[in-house]
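These notes concern the structure reproduced below.
Please treat every number below as a calculation from the coordinates, not as lab data. Just so it is clear, the structure is predicted and the values come from calculations on it, not from any experiment. We place every Cβ from the backbone using ideal geometry, glycine too, and count neighbours over all the protein chains shown.
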Amino acid sequence: METTVVEHDGDVLARLEDDDRVFEVRFDALEPTDVTLRFLHDGERVGSIYNDDGTTRTMARLTTARDGTDFIGVEVPKEFVAEILDVGLETGRVTDKTAAEGYRLRVL
């Protein structure tokens, strides 16, 4: 599995690539809640990472922009999620640092 989480062209690019899946999102803000990280781009929600119904699975969801209701979802490892959160904090893109630490405690 190969992961990349870097600043690129004014945004953060997060990409996970494996034999059976590819997940990629660009965001300029990361909005944490107790159990969800929301990806924002130009003020609009473009996806999120959430804990799947309290299981150990962490799922990533991207909105496809078709009528705003279609989406794709893939399971992503918690190490990748932690890397996204760390880069978001390092680059000042997290909207609420206290909520980010709560997310880290509950999900990661």
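How long is the gain from residue 44 to residue 98 if the chain were fully straight, where each residue apart is worth 0.36 nm and the alpha carbon distance is subtracted? Please report the intermediate quantities before stating the final value.
Details: separation 54, 0.36 × 54 = 19.44 nm, distance 2.18 nm.
That pair, residue 44 and residue 98, stretches by 17.3 nm at full extension.
Where does each of 2-8, 81-87 land if you order them by average Cβ count within 10 Å, highest first? Display every interim value, and only then the final one.
Values: 2-8: 13.3, 81-87: 18.7.
Packing order, densest peptide first, comes out as 81-87, 2-8.
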Take residue 106 and residue 55, extend 7 Å from each Cα along the Cα→Cβ direction, and tell me the distance between the two endpoints in nm. 2.0
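In units of 2.2 N^0.38 Å, what is the alpha-carbon radius of gyration of region 1-40? Could the numbers behind the result be given before it?
Numbers: Rg = 11.4 Å, N = 40, 2.2 N^0.38 = 8.9 Å.
Region 1-40 yields a ratio of 1.27.
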With +1 on each Lys and Arg Cβ and -1 on each Asp and Glu Cβ, and nothing else charged, work out how big the dipole of the chain is about its Cα centre, in Debye to the nearest 20. 360
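Using only alpha carbon positions, build the gyration tensor of the chain, then give the equivalent ellipsoid semi-axes as the square roots of 5 times its eigenvalues, largest first, whole angstrom. The partial results should precede the final answer.
Working: eigenvalues 63, 57, 44 Å².
So the equivalent ellipsoid measures 18, 17, 15 Å along its semi-axes.
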Counting only other residues whose beta carbon sits under 9 Å from that of residue 26, what net charge do I get with K and R as +1, D and E as -1? -4
Take peptides 31-37, 101-107 and line them up by average Cβ neighbours within 10 Å, highest first, as a rough protection proxy. 31-37, 101-107
Work out how much length residue 91 to residue 35 would gain on full extension: take 0.36 nm times their residue separation and subtract the Cα-Cα distance, in nm to one decimal. 18.0 nm
